[in-house]
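Right, one structure below, let's go through it.
The values are calculated or read from the model by the stated rules, or taken from the named source; none is laboratory data. Because the structure is predicted, anything quoted here is derived from the model rather than measured. Using ideal geometry, Cβ is built from the backbone for each residue, glycine included, and neighbour counts are taken over all protein chains shown. Just the protein is used for accessible areas: all its heavy atoms, side chains included, with ligands, DNA and RNA removed. Shrake-Rupley method; radii C 1.70, N 1.55, O 1.52, S 1.80 Å.
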Amino acid sequence: MRASEYSAHASRQVFWVAFAATLLLKIVIAAGFPFTGDETFFYQWGVFPAWGYSDHPPMVGWLIALLRQISDHPLVLRSATLLVTSLVALGVVDLLRRFLPEDREASAWLAGAVYLAMPWSWMFVLVTTDTPLLFFMALSAWCYLRADASARGAGWYVLAGLFLGLAFLSKYFAALLGFAYAAHCFGWRRERWWAPFLIFVSALPAIALNIAFNATHGWSNVMFNVFNRNEGTSWSLEAFASYLVMVPYLLTPWLLWRGAAARLAPGASPTTARALAVLWLFPLVVFALLSTQRVIGLHWVLGFVPLFVLWVSLRLDARPLRSALNWTVALSVPHLLVVAAIAWAPLAWWQPLKIYDRAVFLRETPAIVAALQQDLPAGATLMGRTYNPAAMLAFHHGQYVPVFGVGKHHARQDDQIVDFRRYDGQPIRIFLYDEPDLAAFAPYFERVSTKRFEVDGVAFFAVDGEGFRYPPFRDTVLAEVAREFHDIPRWLPLLGNPFCERYGFVACSPGRP
């Protein structure tokens, strides 16, 4: 390529083309991709606004509560999400234009384009807890880096703390960014030893709000994130190896290799480069340690990818960044084909696969709900066996669909808002993927029967229970829930627990013996 093709003007054009193309692509995906189980679960948070929820802090619930005032269409509910990575890319460009010498402005624009071209950037359209997490983490990091580069950064540190607090109200993983701030200041910015304390104080109102909710709601966020989801974990070489493969895949091998091999750009600040290195490396090292005990989800690491892109772009000039852009676009192509196949390919394409029934359920949930509503007994409540189908059914049913059974350690919003006492004596229809064993349901009803129906050649089932018997359900199923998921450590002060208080389980209620 000619030198003019690496000019700031040409690179700016590349960025805006990437910005417009990926934004349009995200709009198309957001409008056409089926609403997923996690999204429909968090949608119910927005239907029942509260100052806290079951697994995670409340921010995504508050966001959905606002968006659904406009419409329940997936494009509207996902509208904030699809803007996040576009805004993050603008922040990447802005910071690099500040941190790089003027003659390397092209690198700033190309770095933003590379970030936009990453598959996990343009695929970031689903409305989950990661939506506000990534947005507020990016804002906090932007303010922190502005503070680090300024002679008097107290105001920027305060803003970094405020946004970090909002990120914490989105997902607990945000705390890793705060620990990275502390590691940077105590290790490489010791003259700014006071900054982590200022950031913590600024984030404290958000942290205090979450602690207050947890103390009065059975420590539901803490029980999920710290105890229940980690129960039974042990050393896993497979999980560690999976993480070691995932990281270069997420950051892309070409950026990792070239960034590690290159030197800091002339005129760029070593202080800023050091800050960026700590901010993305520290969390990834922590995740590496955690991966020896449990699987690390790709989405856990997404919030630190922009910091890596910033670090790399302080070391690479326009030519390797343009090459990296080409490779990243090539990486995105197979991902785009998979997304298109899931969203729009004829269902017949999936028929030979074992997941065909799940593909039909994802794409044809409205038809399944219609079949379940047909001949629904008067006064009957529709329920599911696990949270994913229950949440998806609820979204299209227009009513909350509880989980009938013990469930899993995650998605336990039922514990907060469902009262099984109100169903005593009433009919219940329970959806299942597979043919049910009626003996498992018989103790909780006066009579049980099976309903079978087909959608696109796939058989689905429901158990029709007449005369729900609450006492045995409380003494077996709900008692097991209390033992398994509400075994709250004694050192946590318990000021309230809606589930245990509702059903009279004194061992996990305030004033427990």
Can you give the angle from 0 to 90° between the axis of helix 8-32 and the longest principal axis of the chain, with both taken from C-alpha atoms, to the nearest 10? 0 degrees
Calculated FRET efficiency for the pair Ala370/Thr450, C-beta based, R₀ 25 Å, to 0.05: 0.85
Å² per residue, accessible surface of segment 90-213 at 1.4 Å: 36 Å²
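Quick check on segment 200-348: take the gyration tensor over C-alpha atoms, sort the square-rooted eigenvalues as a ≥ b ≥ c, and tell me if it's rounded (a/c under 1.5), prolate or oblate. Numbers along the way, then the final one.
Details: a/c = 1.94, a/b = 1.29, b/c = 1.51.
Cα axes put segment 200-348 in the oblate bin.
Accessible area per residue, 1.4 Å probe, Å², for segment 355-513: what's the number? Walk me through the numbers on the way to the answer.
Details: 7120 Å² over 159 residues.
Computed with neighbouring chains in place, this is 45 Å² per residue.
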As a percent rounded to 5, the proportion of antiparallel DSSP bridges among beta bridges in the chain is 75 percent
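For segment 44-164, divide the Cα radius of gyration by the Kirkwood radius and give the resulting Rg/Rh value with two decimals.
On the way: Rg = 16.8 Å, Rh = 16.0 Å.
We get a ratio of 1.05 for segment 44-164.
Tally Lys/Arg at +1 and Asp/Glu at -1 over every other residue whose Cβ is under 15 Å from the Cβ of Met223; what's the total?
So the environment of Met223 carries a net charge of 0.
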Taking segment 261-365, which trypsin sites (Lys or Arg not before Pro) meet the DSSP loop condition and have no more than 10 other C-beta atoms within 10 Å? Arg263, Lys354
Rounded to the nearest 10 degrees, what's the angle between the helix 154-168 long axis and the longest principal axis of the chain, both from Cα atoms, 0 to 90? 30 degrees
Checking every Cys Cβ in the chain against the others at 4.7 Å leaves as unpaired Cys143, Cys185
Checked segment 446-513 with the C-alpha gyration tensor, a ≥ b ≥ c its square-rooted eigenvalues, rounded below a/c of 1.5, otherwise prolate if a/b is larger than b/c and oblate if not; verdict prolate
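Quickly estimate the mean residue ellipticity at 222 nm for the chain, helices only: each DSSP H run with n ≥ 4 gives -39500 (n - 2.57), and the total goes over all residues, rounded to 500.
Details: 24 runs with 292 residues, N = 513.
It lands at -17500 deg cm²/dmol.
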To the nearest 0.05, the calculated FRET efficiency linking Leu75 and Val338 through their beta-carbon distance, R0 being 22 Å, is 0.60
Per residue, the convex hull enclosing the Cα atoms of segment 137-279 spans a volume in Å³ of 135 Å³
Just to be sure I understand, if you calculate Kirkwood radius over Cα pairs in Å for this structure, which of (1) 25.7; (2) 25.0; (3) 23.5 do you get? (2)
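Quick one: pull the percent of accessible area on the chain belonging to carbon and sulfur, 1.4 Å probe, ligands and nucleic acids left out.
On the way: 13880 of 21850 Å².
Whole-percent figure for carbon plus sulfur exposure: 64.
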Estimated vicinal HN-Hα couplings, Hz - segment 251-268 in sequence order (Karplus 6.51, -1.76, 1.60; Gly, Pro = x): 7, 6, x, 5, 5, 4, 5, 5, x, 5, 7, 8, 9, 4, 4, x, x, 7
Take the alpha-carbon centre of segment 301-342, take the same for segment 162-227, and report the distance between them in whole Å. 29 Å
What FRET efficiency, computed as 1/(1 + (r/R0)^6) with R0 = 56 Å and r the Cβ-Cβ distance, is obtained for Ser150 and Ala378, rounded to the nearest 0.05? 0.25
Looks like segment 203-273, by Cα gyration tensor root eigenvalues a ≥ b ≥ c and the a/c under 1.5 rounded cutoff (else prolate when a/b is bigger than b/c, oblate otherwise), is oblate
